[in-house]
1. Quick one: would you say residue 172 is crowded, with 22+ Cβ neighbours inside 10 Å, at pLDDT 95 or above and not in a strand (DSSP E or B)?
2. Out of all the residues in the range 141-157, is one or more at pLDDT 95 or above, assigned to a loop (DSSP other than H, G, I, E, B) and buried (at least 21 other Cβ atoms within 10 Å of the Cβ)?
3. Given the options 36, 55, 62, 29, name the one that is under 23 Å from residue 159 (Cα atoms) and surrounded by 17 or more Cβ atoms within 10 Å (Cβ to Cβ).
4. Of the residues 58, 70, 113, only one is under 23 Å from residue 175 (Cα atoms), touching a helix residue (DSSP H, G or I) at 6+ places or on another chain (Cβ under 6 Å), outside any strand (DSSP E or B) and at pLDDT 95 or above; which?
5. Being touching a strand residue (DSSP E or B) at 6+ places or on another chain (Cβ under 9 Å) and free of Cβ contacts under 8 Å to residues at least 40 places away in the same chain is the filter here; which residues of the range 51-82 pass it?
């Protein structure tokens, strides 16, 4: 009820161009845009677009707790999701969730799951609060061992990671390693955006694996 009242008082507005009606409009990021593919050492990472322009502004709004933006991003991510998938969001710390009022990545994953019949497993958590935002490339690459996994949720299951931005890929590879150590199978990730200072990426219209 509270969020419904807020939407009446403050209607959704595109994070890219400020047009009212949606958190991210069709002109700023089309719903049917083919994903980009970035290949990491152990993961195939599919993204909506590069981290720039309107999408960069949308990601920053997501990190600030914008539910309308999270809704719009989840609707677009749903194009890369199918019913058998088990989505594991790369969640932020509990402290940041309290400040923002939500976990943006989890929200995006749940929107995509509701639209496709997929499932969401909140199986990994950050061990401490050293956020990647604002770090240099070298600092990101050096950050390892930052997550723990609830093995009981993922053991013997194929899962797909979900995150907001892939820069160097360190966070995703770290999460994948923790999941594998817990007995999960993981070979792909879905992200909102890929930063253009990371490994090269290309457009990819192939079918994304139902599991991992």
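1. Yes, satisfied.
2. Scanning the range 141-157 turns up no residue that is at pLDDT 95 or above, assigned to a loop (DSSP other than H, G, I, E, B) and buried (at least 21 other Cβ atoms within 10 Å of the Cβ).
3. Matching residue, one of 36, 55, 62, 29: 36.
4. Going through 58, 70, 113 in turn, the sole match is 70.
5. Across the range 51-82, there are no qualifying residues.
The values are calculated or read from the model by the stated rules, or taken from the named source; none is laboratory data. It should be emphasised that the depicted structure is a prediction, and the values quoted were computed from it without experimental measurement. Cβ atoms come from the backbone with ideal geometry, glycine included; neighbour counts cover every protein chain shown.
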